[in-house]
């Protein structure tokens, strides 16, 4: 049986933590910073952990991820 392919878009956007959760960059920080409030920009710094229902969907596209 051939290997299953991982979605290229998923492997670029998500990283699996040691406990099996998914790390993802905060959305809304690519452009349009002038119209965003300082509070939004402050809270959108760094990475976030994906919620469990969303992570379940994304993990379908990562067949060889760490458990």
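We did not get these values from a lab; they are worked out from the coordinates using the rules stated. Everything numeric here is computed off the predicted structure, so don't read it as measured data. Cβ atoms come from the backbone with ideal geometry, glycine included; neighbour counts cover every protein chain shown.
See the values below:
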item	result
Residues of the range 27-48 satisfying the condition of being in a loop (DSSP other than H, G, I, E, B), touching a residue at least 12 places away in the same chain (Cβ under 8 Å), exposed (fewer than 13 other Cβ atoms within 10 Å of the Cβ) and at negative phi	27, 45
The lone exception for residue 11 - which of (1) touching a strand residue (DSSP E or B) at 6+ places or on another chain (Cβ under 7 Å); (2) touching a residue at least 24 places away in the same chain (Cβ under 8 Å); (3) surrounded by 10 or more Cβ atoms within 10 Å (Cβ to Cβ) it fails	(1)
Condition broken by residue 61, with the remaining ones in (1) surrounded by fewer than 14 Cβ atoms within 10 Å (Cβ to Cβ); (2) in contact with a helix residue (DSSP H, G or I) (Cβ under 6 Å, 6 or more places away or on another chain) satisfied	(1)
